[in-house]
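Heads up: the structure comes next, in structure tokens.
The values are calculated or read from the model by the stated rules, or taken from the named source; none is laboratory data. Remember, it's a predicted structure, so these values are computed and weren't measured experimentally. Don't worry about glycine lacking a Cβ; one is built from the backbone with ideal geometry, like all the others, and counts go over all protein chains shown.
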Amino acid sequence: MSSEDEQADRGAGDAPPEQLALIRESVRRAKTPRAKPRTWRGAALAKDLPVARVLVDKGVLHLDRYFDYAVPEELDADAQPGVRVRVRFGAGRHKVRGGRREGGGLIDGFLVARLPESDYSGPLAALAQVVSPEPVLGDELLGLARAVADRYAGSLADVLQLAVPPRNAGAERRPSPAPLPPPPAPDAGPWARYERGAAFLQSLSAGGAPRAVWNALPGPEWSDEVARAVAATLASGRGALVVVPDGRAVARVDAALSTLLGEGRHAVLTADAGPGKRYAQWLAVRRGAVRAVVGTRAAMFAPVQDLGLVALWDDGDDSHSEQHAPQPHAREVLLLRAAQDGCGFLLGGWSCTVEAAQLVETGWARPLVATREQVRAAAPLVRTVSDQDLARDEAARAARLPTLAWQAVREGLRGGPVLVQVPRRGYVPRMACAACRASARCRHCAGPLEARDAAALRCGWCGREEGGWHCPECGGFRLRAQVVGARRTAEELGRAFPAVPVRTSGREHVLDTVPGTPALIVSTPGAEPVAEGGYAAALLLDGWAMLGRPDLRAGEDALRRWIAASSLVRPHGSGGTVVVVAEPTLRPVQALVRWDPVGHAVRELGERAELGFPPVSRMASVSGPPPALAAFLDAVELPPEAEVLGPVPLPVTAAGRQRRPGAPPPGEQWDRALVRVPPGSGAALAAALKAAQAARMARGGAEPVWVRIDPPDIG
């Protein structure tokens, strides 16, 4: 035995043989001098900084770390931090930091740093190729991606797949345009309608970093107000980033920026632009040729130089929640950017989410609201089915279109188009018991029963026909439509108003604008087109279907969708009227009547604080097959203050339906557990879940377990 082994044995005491062997190995490595970096083939190395630290494109948690490679002399000039590279990732081809071998072929990655030496003393595999000398991953973007990965218990490689678009060689070869000088500071314009609006704009123009939650007045002026905030930031010599829910909103902000600033001062980043054009626009931003960006959620990582403002419109829209791992939300990413870069922050919308109210409640942001006089002047008249209406029409409470709604349609069509919002698209209605309103379910798979015209009932999941249905709750045999789709509603209205054109706007065909002539526009939530001069009236149908969802955010989402549709209606002074068909005493309905989304959000926040629900607490969802989920929960080392709710069964996914990440496969039963921690423990919860998931993947767990931080739907 060597003297080193004797020293290790004396220091180890009565350690078991396995531990003694580890101690001997650690002592040996500590006394072994580090070898100079060299490749396993003995190729000539770069003279300065011969080690490249690489992030490989492997989005698995147990490989979420950097790997060291040697830099060959011929790649020295191009192998700079931030470039794309290809490396050998396989047994006998490279060494992991620490000396363990892994195995595969060529794989893409990013070179994140050049170092004089590696932590590993053995031979390193050489960089196989520098894909492009264009640096696409800067320190700021890398730091943001790491922060997002840690917050959402994900891998850095997965975040960078969302942040850096795929390479397009043609776009890289074309030079970006020369940057334009800063524009002049804009005047307040419509921002003067808000109590602190002009001061907010002046602060941006002066190089400040104000943070505000903006409750926009109804109407189409919001895009001009966003453009003026961007122009004020550019006037200070800094950059601005705007994230909106969809392509239609991008087009409105794009048009407003072009009108206010002219061409060439901003870039548009959307998936609809195509890979070549989108990558060219992204490169122009990365190179500093363009300082302003507007886009959908993919633009939240846009590498804007000297960032002075991040803005998000309508943070309650589902489109802001990324469906690819680790499923970050645009609002949280922009909050991280505002904290990381010390820039201004603007969260705006016609409505107000509970998360936005919390930012104001904690003092992190200031409210940007208009006076009640301004709100009353800009908002339409909102009416509900009142007690007087019920006295005149006893069936008004149960009718889908009560007399008040028919009157509003007839009066509105005299002066312009009328908007009709329905909760779902399509034609086939879901059925329910006419007596007790219990959903009609298939006896074989518990799927929803549907009716197509006069045909027999058919299951929407398994397709079986149902001939002798009766209600298992009350024994009734009569059915009624539970939620009627947009196309069915359009047909019914077309028969009632045969001389009026009827158009639909939904998932298959979304209208952007409609003329100001009399017409009926039937739309699903979020697909409402803008009418020239505004709608004369609007009907918000089937409110009970939106409010009756078994979800924590049902009331908040219903109010947001109602206010978004009502904001397209003319002001009350111009005859604009909105009729909402829902129980008038419910809190979201009353908030709509008063046009007070901020008050509704503040009250919701107070109730959630009492119950310990998000966003006051941090929550994670863990789902998977029952045995795998139970094993995961037993293995994870949660913070002491964590509370596990469940697990409970998840609904079985219908066969053939596209499922979201974390949803059970068709026909398979999964369980879900919710893990809740108090404020301040979110980082510890994410780290614990990530460590447990990485350990499970390293062991080769066959059954999937999905982890999601801040799930949007918790029931």
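Computed values, structure above
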| quantity | calculated |
| --- | --- |
| Test: residue in segment 102-110 that is crowded, with 17+ Cβ neighbours inside 10 Å, over 24 Å from Asp158 (Cβ atoms) and modelled with pLDDT of 90 or more | no |
| Complete set of residues in segment 675-713 that are farther than 27 Å from Asp551 by Cβ and free of Cβ contacts under 8 Å to residues at least 40 places away in the same chain | Arg699, Gly700, Ala702 |
| Whichever residue in segment 278-308 is touching a helix residue (DSSP H, G or I) at 6+ places or on another chain (Cβ under 8 Å), assigned to a helix (DSSP H, G or I) and not hydroxyl-bearing (Ser, Thr, Tyr) and, among such residues, is surrounded by the most Cβ atoms within 10 Å (Cβ to Cβ) | Met300 |
| First in segment 30-59 and at pLDDT 80 or above, second anywhere and acidic (Asp, Glu) and surrounded by 16 or more Cβ atoms within 10 Å (Cβ to Cβ), Cβ under 7 Å, 6 or more apart | Ala46/Asp76; Val51/Asp68; Arg53/Asp68; Asp57/Asp108 |
| Selected residue (criterion: farthest from Leu650 (Cα to Cα)) from residues of segment 610-635 that are in a helix (DSSP H, G or I) and of a type in the set (D, E, K, R) | Glu610 |
| Subset tally (residues that are of a type in the set (A, V, I, L, M, F, W, C), at pLDDT 80 or above and surrounded by fewer than 18 Cβ atoms within 10 Å (Cβ to Cβ)) for segment 77-101 | 1 |
| Matching residues, segment 140-150, being among the charged types (D, E, K, R) and either assigned by TED's automatic domain parsing to the domain that holds Arg287 or crowded, with 22+ Cβ neighbours inside 10 Å (or both) | none |
| Within segment 309-363, tally of residues that are of a type outside the set (Asp, Glu) and either without any contact (Cβ under 8 Å) to a residue 60 or more places away in the chain or assigned to a strand (DSSP E or B) (or both) | 18 |
| Which numbered condition Ala240 fails, given (1) within 30 Å of Val136 (Cα to Cα); (2) touching a residue at least 60 places away in the same chain (Cβ under 8 Å); (3) surrounded by fewer than 17 Cβ atoms within 10 Å (Cβ to Cβ) | (3) |
| Subset of segment 185-206 [over 16 Å from Gly308 (Cβ atoms) and not charged (D, E, K, R)] | Ala188, Gly189, Pro190, Trp191, Ala192, Tyr194, Gly197, Ala198, Ala199 |
| Scope segment 557-582; condition surrounded by fewer than 24 Cβ atoms within 10 Å (Cβ to Cβ) and more than 16 Å from Leu539 (Cβ to Cβ); matching residues | Asp557, Pro571, His572, Gly573, Ser574 |
| Of all residues in segment 58-72 being under 20 Å from Gly122 (Cβ atoms) and not β-branched (Val, Ile, Thr), the one that is surrounded by the fewest Cβ atoms within 10 Å (Cβ to Cβ) | Arg65 |
| Only listed residue being farther than 27 Å from Gln358 by Cα and at pLDDT below 95, chosen from Pro190, Pro220, Pro275 | Pro275 |
| Residue in segment 575-582 that is in contact with a strand residue (DSSP E or B) (Cβ under 7 Å, 6 or more places away or on another chain), in the same structural domain as Gly533 (by TED's automatic domain parsing) and modelled with pLDDT under 90 present | yes |
| Residue identified as outside the structural domain of Ala302 (by TED's automatic domain parsing) and surrounded by fewer than 23 Cβ atoms within 10 Å (Cβ to Cβ) among Ala169, Ala198 | Ala169 |
| Tally, over segment 147-166, of residues that are under 14 Å from the mean Cα position of the chain (by Cα) and among the hydrophobic types (A, V, I, L, M, F, W, C) | 4 |
| Helices (runs of 4 or more DSSP H) fully within segment 108-214 counting 2 or more residues that are in contact with a Ser or Thr (Cβ under 8 Å, 6 or more places away or on another chain) and either more than 21 Å from Leu346 (Cα to Cα) or free of Cβ contacts under 8 Å to residues at least 12 places away in the same chain (or both) | 169-173 |
| Residues that are out of contact with any Pro (no Cβ under 8 Å at 6 or more places or on another chain) and either assigned to a helix (DSSP H, G or I) or at pLDDT 90 or above (or both), drawn from segment 675-689 | Val675, Arg676, Pro678, Gly682, Ala683, Ala686, Ala687, Leu689 |
| Residue check, Ser258 free of Cβ contacts under 8 Å to residues at least 60 places away in the same chain, assigned to a helix (DSSP H, G or I) and either buried (at least 18 other Cβ atoms within 10 Å of the Cβ) or not aliphatic (A, V, I, L, M) (or both) | yes |
| Count of segment 309-324 residues which are among the hydrophobic types (A, V, I, L, M, F, W, C) and surrounded by fewer than 23 Cβ atoms within 10 Å (Cβ to Cβ) | 0 |
| Test result for Gly412, outside any strand (DSSP E or B) and either at pLDDT 90 or above or in the same structural domain as Asp317 (by TED's automatic domain parsing) (or both) | yes |
| Inter-residue pairs, beta-carbon under 8 Å, first on the phi > 0 side of the Ramachandran plot and of a type outside the set (Lys, Arg) and in segment 367-385, second modelled with pLDDT under 95 and not in a loop (DSSP other than H, G, I, E, B), 6+ apart | none |
| Residue list for segment 583-612, filter: of a type outside the set (Gly, Ala, Ser) and touching a strand residue (DSSP E or B) at 6+ places or on another chain (Cβ under 8 Å) | Val589, Leu592, Val593, Trp595, Pro597, Val598 |
| Tabulated pairs, segment 523-549, first assigned to a loop (DSSP other than H, G, I, E, B), second of a type in the set (Asp, Glu), C-beta under 6 angstrom, 6+ apart or interchain | Pro529/Asp512 |
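Every residue, every condition in (1) part of a helix (DSSP H, G or I); (2) touching a Pro at 6+ places or on another chain (Cβ under 8 Å); (3) over 19 Å from Pro518 (Cβ atoms); (4) at pLDDT 75 or above, yes or no:
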{"position": "Gly463", "(1), (2), (3), (4)": "no, no, yes, no"}
{"position": "Trp469", "(1), (2), (3), (4)": "no, no, yes, yes"}
{"position": "Phe477", "(1), (2), (3), (4)": "no, no, yes, yes"}
{"position": "Ala481", "(1), (2), (3), (4)": "no, yes, yes, no"}
{"position": "Arg488", "(1), (2), (3), (4)": "yes, yes, yes, no"}
{"position": "Leu493", "(1), (2), (3), (4)": "yes, no, no, yes"}
{"position": "Pro498", "(1), (2), (3), (4)": "no, no, no, yes"}
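Residue by residue, here is whether (1) of a type in the set (Phe, Trp, Tyr); (2) free of Cβ contacts under 8 Å to residues at least 40 places away in the same chain holds:
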residue: Ala271; (1), (2): no, yes
residue: Tyr279; (1), (2): yes, no
residue: Trp282; (1), (2): yes, no
residue: Arg286; (1), (2): no, no
residue: Val293; (1), (2): no, no
residue: Leu307; (1), (2): no, no
